[in-house]
Amino acid sequence: QVQLVESGGGLVQPGGSLRLSCAASGSIFRFYTMNWYRQAPGKQRELVGLITSGGSTNYADSVKGRFTISRDNAKNTVYLQMNGLKPEDTAVYYCNTRDSHGEYWGQGTQVTVSS
């Protein structure tokens, strides 16, 4: 069983930055691919990006060049650095991972981009 806890959301002006964190339980965090999703009001949850156990990353086209995912295996934490934020980035952001036992989600953290 993996528990995920996101933090770092808030209200930011367009063009601003935020860094989200996702702390994971478990001693084998370093083996997991970690995903960031978001869900805007009235829309389906979408994949923002991911980082593999080896540190490779992949991003949705809508955030490429603005968002960066990183991980600190010593702290069992994955980060989502968001720069150049736009109003359309407003959403609840979730971290996620999967293993042979199931799929795990955090509780989400709200990001609001507004002037």
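The values are calculated or read from the model by the stated rules, or taken from the named source; none is laboratory data. Everything numeric here is computed off the predicted structure, so don't read it as measured data. A quick note on method: Cβ atoms are made from the backbone with ideal geometry, for glycine too, and the neighbour counts reach across all protein chains shown. Surface accessibility is based on the protein's heavy atoms, side chains included, excluding ligands, DNA and RNA. Shrake-Rupley method; radii C 1.70, N 1.55, O 1.52, S 1.80 Å.
Taken over the range 71-89, the criterion of being buried (at least 16 other Cβ atoms within 10 Å of the Cβ) and under 13 Å from the mean Cα position of the chain (by Cα) is satisfied by Arg71, Thr77, Val78, Tyr79, Leu80, Met82, Asp89.
Of all residues in the range 56-70, none are open to solvent by 40 Å² or more (accessible area, probe 1.4 Å), within 20 Å of Ser115 (Cα to Cα) and under 11 Å from the mean Cα position of the chain (by Cα).
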